[in-house]
Amino acid sequence: MGLVYNSLGLKVCLVKGYGKHLGIQDNEYINEGVEILDKSESVIEKSNIIVQLNILSDENLQKLKKDQILVGVLNPY
């Protein structure tokens, strides 16, 4: 995942333990060039573009910066 985005000049950041439920360990992401951060707030702070499968929590929505881009499949219900 990281190598593809890195080749486009993008840096990928994920929260620690992101892929654990899929059986993917952090070191596997790190080996692909992904930066692992301790908390989701750090990912939001560091990112210009956020790709999200569901809508962010209200708490994390409040942390978005001006001109930050949010891309995702959002649940309208």
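The values are calculated or read from the model by the stated rules, or taken from the named source; none is laboratory data. For clarity, every value in this text was computed on a predicted model and none was experimentally measured. Positions of Cβ are generated from backbone atoms using ideal geometry, with glycine treated the same way; all protein chains shown enter the neighbour counts. We work out accessible area using only protein heavy atoms, side chains counted, and drop any ligands, DNA or RNA first. Shrake-Rupley method; radii C 1.70, N 1.55, O 1.52, S 1.80 Å.
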Accessible area (Å², per residue) of the chain, counting only protein heavy atoms and a probe of 1.4 Å: 77 Å²
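What size of dipole, in debye to the nearest 20, comes out for the chain about its Cα centre when the only charges are +1 on Lys and Arg C-beta atoms and -1 on Asp and Glu C-beta atoms?
Values: 8 positive and 10 negative charges, 26 e Å.
In debye, rounded to 20, the chain gives about 120.
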Extension reserve of the ASP58-GLN25 stretch, reckoned as 0.36 nm per residue once the Cα distance is removed: 9.1 nm
Close Lys-Lys pairs in the chain, where close means Cα under 24 Å and separation is 8 or more or interchain: 18
Amide H contacts of LEU70 (H built 1.01 Å from N, under 5 Å, at least 5 apart or other chain): ILE50
Sum of -39500 (n - 2.57) over DSSP H runs of 4+, divided by residues of the chain (222 nm, nearest 500): -6500 deg cm²/dmol
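Show LYS39, LYS65 ordered by accessible area, largest first, where the area counts protein heavy atoms only and the probe is 1.4 Å.
So the residues, ranked largest to smallest area, are LYS39, LYS65.
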Contour excess over end-to-end distance, with Cα ends at VAL51 and LYS11 and 0.36 nm allotted per residue: 13.2 nm
